[in-house]
Structures are given as structure tokens and as C-alpha cells.
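Trainee: Mind having a look at this structure? Questions to follow.
The values are calculated or read from the model by the stated rules, or taken from the named source; none is laboratory data. Keep in mind that this is a model prediction, so the values were computed, not measured. All Cβ positions, even for glycine, are placed from backbone atoms using ideal geometry, and neighbour counts span all protein chains on display.
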Amino acid sequence: MVKKVAILANGGDVSGFNAVIRAIVKTAEHHGVECYGFIDGYRGLLKNNYEKLSSADTASGILQKGGSIISSSTNANVFHYPVMEEGKEVYKDLSDICVQNVKDDEFDCVFALGGDSTQKSARDFSLKGIHMIGVPKTIDNDVACTDITFGYNTAVSVATEALDRLHTTAETHNRIMVLEVMGREAGWIALESAIAGGADVALIPEIPYDIEKAAQAIKDRQKIGKNFSIVVVSEGAFPKGGEISVKEEANNGQGVINTKLGGAGEKVAKQLEELTGLTARCTVLGYLQRGGTPTSFDRVLSTKYGSKAMELALEGKFNVLTVIKNGKLDCVPLEEVVGSNKEIGAVQNGESEGSIRLVTMDDDLVKTARNIGICLGD
């Protein structure tokens, strides 16, 4: 019988973290269950740093707030964690410390709010005997086995507003305005915001682009008197036969996602300017997509996810991920979520591990984009 549970938020910030936390806490309290939060994600689990959560104080008034009241850690794979030994940084598996902490604290279940890497660690902990329940979070919308992740809708809304604003400048000055949005391996944000924001070109990681095709789409607009264009570029988009644009690599690529992307939008803007003769400018939306107040959609989605997660715990359904399938709440085993990435402690490695939900060419968004004349660079 579940009497005491803990929550951890892990990975990059998204709008909706607090709404999920609030829903778990309120549902727990409704059933007489104590709720706690590990501070700073898996790092807090390692340090055994946690606090009591209550809808009367710590978890009160947080539905509309961005961020996470229990913080969130990035680059914190406790199965492959950096430690200093004799003045040198080495990586060690410290997961057993976390397991002992959970047992000592007498937590019956730990809720892991996060994306693919977070859920990979949740699955690994489940194999070590800890009851885990995942909640799918990421603005990239690329967690496997679910139709949508919390935080995504807010990110798309921010990108769409940015496109609305760029439209006026593009039209006023007869320019190509390029907006670079997040999306390392999945182009959901770029594709959906392009449709919502009336973009003319959308370049996503799933479709290696031909810059000549994008330029021709802009030239075709010029022929009908449209001397401006809007282009959306995922940060992970790359040309046919080319590579993704990397800004820098930290720790020689060790740890969790130490390759920082950057420059995809600038590259596209420069090439389009050369090919079309129109002035091109690039805006990198960056972290603006992650922060701030969640949309009403994300508030409701996050609340549904949090409530469902606690419901699953009460039913004794552990080691699963809460998901939305065909518009309905459900759950799937964490084993399905990690795909073929079965090695305990292994860092997520995208599509090759079968653990990331990518845009497919038969998706309705792709068909819609093509039907209304958005050039996808192919």
C-alpha cells in the first residue's frame, strides 16, 4: 500500500513542471499519501536532498508558474556520474547510493518527470528494485510511446508568436526572416509553428534539406509579388550530405548530451541571401521557448498526467510511463519507452536506440504542410 511518494524533475526546463507536481500532490493528499520532492532532479536523489510538499504551502499557487519549485538537473546521469579522484575527473556508477537513499527514506514510489534520458534512468532504477513512474516531459515532443509531452504546446505557442512578430518586419523591409527553434533530432516544434505561424519554409532534422529547393520556393514567391519570406529551422536540421551545426562539445562528449548545437539558422540565412538576392536575418529563439507561464492546454495536460501518475501508484502499477494514446490517458512499460537501449546506465543516443519519437513522412503535419505549400527542403 502506497503511503509515501517522492517526485523529481529532471532535464531541461519546460512550462508545466509545476502543474504536474501540483496534481500529484493534490491527488496524493486526497488519498492520504505523503508527498515529497527531491531537489534538483537525479542529483537530489543522489544527495538525498528532499522536502515535504503540501498543497497548503509549498505546492500552493504554482499551477500558472513556469519552472519547477523543486528545480531540475541537467547532465546528471547517476549511472555515469562525474567525480574527482586524485585531481582528475572520472565517471562512476553511483546509482546504488540513490537506491539506498530511497529505501532509507521509505518512499514507496518515485515519480520521474522528464524526457527520454530521464525515463531511461527511471527504467534502470526499476531494474534495481525501485518503484518508478514516469511522466513525459520535453518541449521537443520526442518521448516515445506518447502522442504528446507536457511543455510542447507552450513552446509551439511561443515560436508562433515570434513568427507573427517576424512577419511584420519581413514584409516591411522585404526580407527573409529565419527563426531557429529547438529540436535536436525531432522537428515537431518547427513543423507545427511553421503551420501556425504562416511560414513559407520549414527545415527539420528528419528531412535533410536541399538549400536550392528552399531558395526556389522563395523565388517563386517573388514571382507573384511576395518579396519577403518566413523560414523556420530546427537547430538539428542539416543539408543533404552534410552534418548538424555544432557550437561546442563539453567533456569530450561524455556524460549526458554534451554536444551543444548552434548555427543552423545562421547558415541557412546566409545561403538564402546569396541564392535569392534578398536580405536575410536570423533570430535564435533559444531558451525563450522553455520558460514562462504554461498555456491553458499545457496546464490541463500536465494536471491530467500528474493525477494519472498518482492514480497508477495507488493501483500498484509501477515501472511505467503515463502516456496519451489516441487522446486518452494510459500507461506503457518503461521497457517499451527505452526501445533497444537496454544497457543499464547507457546514455540515450537518439534514433539509433529506437527511443525517440520522430516526425514521420506520413504524419498529418507533414501532409498538411505540403498541401498548403510550405517547402520542407526536399
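Trainee: Got a number for residues in the stretch 203-227 being among the charged types (D, E, K, R) and within 10 Å of residue 377 (Cβ to Cβ)?
Mentor: In the first step, residues of the stretch 203-227 are kept if they are among the charged types (D, E, K, R); the result is 206, 210, 212-213, 219-221, 223, 226.
Then drop every residue that is not within 10 Å of residue 377 (Cβ to Cβ), which leaves 210, 212-213.
Residues meeting the conditions: 3.
Trainee: Check residue 161 against each of (1) at positive phi; (2) within 24 Å of the chain's Cα centre (by Cα) and name the one condition it does not meet.
Mentor: Failing condition for residue 161: (1).
Trainee: Taking the residues in the stretch 104-118 that are assigned to a helix (DSSP H, G or I) and at pLDDT 95 or above as candidates, determine which candidate is farthest from residue 72 (Cα to Cα). It would help to see each step written out before you state the result.
Mentor: Kept after step one, since they are assigned to a helix (DSSP H, G or I), are these residues of the stretch 104-118: 104-105, 116-118.
Subsequent filtering for residues that are at pLDDT 95 or above retains 104-105.
Details: 104: 23, 105: 20 Å.
Filtering first and then ranking leaves 104.
Trainee: Moving on to the next point. Give me the residue from the stretch 199-232 that is assigned to a strand (DSSP E or B) and without any contact (Cβ under 8 Å) to a residue 60 or more places away in the chain and, out of that set, surrounded by the fewest Cβ atoms within 10 Å (Cβ to Cβ).
Mentor: In this case the residue turns out to be 229.
Trainee: Now for a different question. Please verify whether residue 297 is surrounded by fewer than 23 Cβ atoms within 10 Å (Cβ to Cβ), touching a residue at least 40 places away in the same chain (Cβ under 8 Å) and under 18 Å from the mean Cα position of the chain (by Cα), treating the condition exactly as stated.
Mentor: yes
Trainee: Looking only at the stretch 90-107, count every residue that is more than 15 Å from residue 48 (Cα to Cα) and touching a residue at least 40 places away in the same chain (Cβ under 8 Å) and tell me the total. Full working, then the answer.
Mentor: First, the residues of the stretch 90-107 that are more than 15 Å from residue 48 (Cα to Cα): 90-93.
Still in the list and also touching a residue at least 40 places away in the same chain (Cβ under 8 Å): 91, 93.
Residues that pass the stated criteria total 2.
Trainee: Being in contact (Cβ under 8 Å) with a residue 60 or more places away in the chain, under 16 Å from residue 163 (Cβ atoms) and not aliphatic (A, V, I, L, M) is the filter here, so list the residues in the stretch 183-198 that pass it.
Mentor: Going residue by residue through the stretch 183-198, those that are in contact (Cβ under 8 Å) with a residue 60 or more places away in the chain are 184-189, 191-192, 194-195.
Filter again for under 16 Å from residue 163 (Cβ atoms), leaving 187-189, 191-192, 194-195.
Of everything in the stretch 183-198, those that are in contact (Cβ under 8 Å) with a residue 60 or more places away in the chain, under 16 Å from residue 163 (Cβ atoms) and not aliphatic (A, V, I, L, M) turn out to be 187, 188, 192.
Trainee: Within the stretch 330-337, identify whether any single residue is surrounded by 16 or more Cβ atoms within 10 Å (Cβ to Cβ), of a type in the set (Val, Ile, Thr), modelled with pLDDT under 95 and over 28 Å from residue 263 (Cα atoms), and answer yes or no.
Mentor: Yes: the stretch 330-337 contains one or more residues that are surrounded by 16 or more Cβ atoms within 10 Å (Cβ to Cβ), of a type in the set (Val, Ile, Thr), modelled with pLDDT under 95 and over 28 Å from residue 263 (Cα atoms).
Trainee: Could you tell me whether residue 187 is of a type outside the set (S, T, N, Q) and more than 22 Å from residue 356 (Cβ to Cβ)?
Mentor: Considered against the rule, which asks whether it is of a type outside the set (S, T, N, Q) and more than 22 Å from residue 356 (Cβ to Cβ), residue 187 comes out as no.
Each row is one residue, and each column tells you yes or no for (1) under 28 Å from residue 265 (Cβ atoms); (2) charged (D, E, K, R); (3) in contact (Cβ under 8 Å) with a residue 60 or more places away in the chain; (4) outside the structural domain of residue 200 (by TED's automatic domain parsing).
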| site | (1), (2), (3), (4) |
| --- | --- |
| 113 | no, no, yes, yes |
| 118 | yes, no, yes, yes |
| 164 | yes, yes, no, no |
| 173 | yes, no, yes, no |
| 178 | yes, no, yes, no |
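Trainee: Sticking with this structure for a sec: So which of 78, 83 is of a type outside the set (Phe, Trp, Tyr) and more than 26 Å from the chain's Cα centre (by Cα)?
Mentor: Working: 78 fails: more than 26 Å from the chain's Cα centre (by Cα).
Sole residue among the options that is of a type outside the set (Phe, Trp, Tyr) and more than 26 Å from the chain's Cα centre (by Cα): 83.
Residue by residue, here is whether (1) more than 16 Å from residue 135 (Cα to Cα); (2) outside any loop (DSSP other than H, G, I, E, B); (3) not assigned by TED's automatic domain parsing to the domain that holds residue 127 holds:
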residue	(1), (2), (3)
24	no, yes, no
27	no, yes, no
32	yes, no, no
102	yes, yes, no
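Trainee: Also: Pull up the stretch 293-321, narrow it to residues that are assigned to a helix (DSSP H, G or I) and among the acidic types (Asp, Glu), then point me to the one that is farthest from residue 139 (Cα to Cα).
Mentor: Per the criteria, the residue is 311.
Trainee: Now, a different point. I want to confirm something. Restricting to the stretch 119-133 and keeping residues that are outside any loop (DSSP other than H, G, I, E, B) and of a type in the set (D, E, K, R), which single residue is nearest to residue 335 (Cα to Cα)? Please lay out each step first, then the result.
Mentor: Of all residues in the stretch 119-133, those outside any loop (DSSP other than H, G, I, E, B) come to 119-127, 132-133.
Add one more test, that the residue is of a type in the set (D, E, K, R), and what stays is 120, 123-124.
Values: 120: 9, 123: 7, 124: 9 Å.
Checked the stretch 119-133; the qualifying residue nearest to residue 335 (Cα to Cα) is 123.
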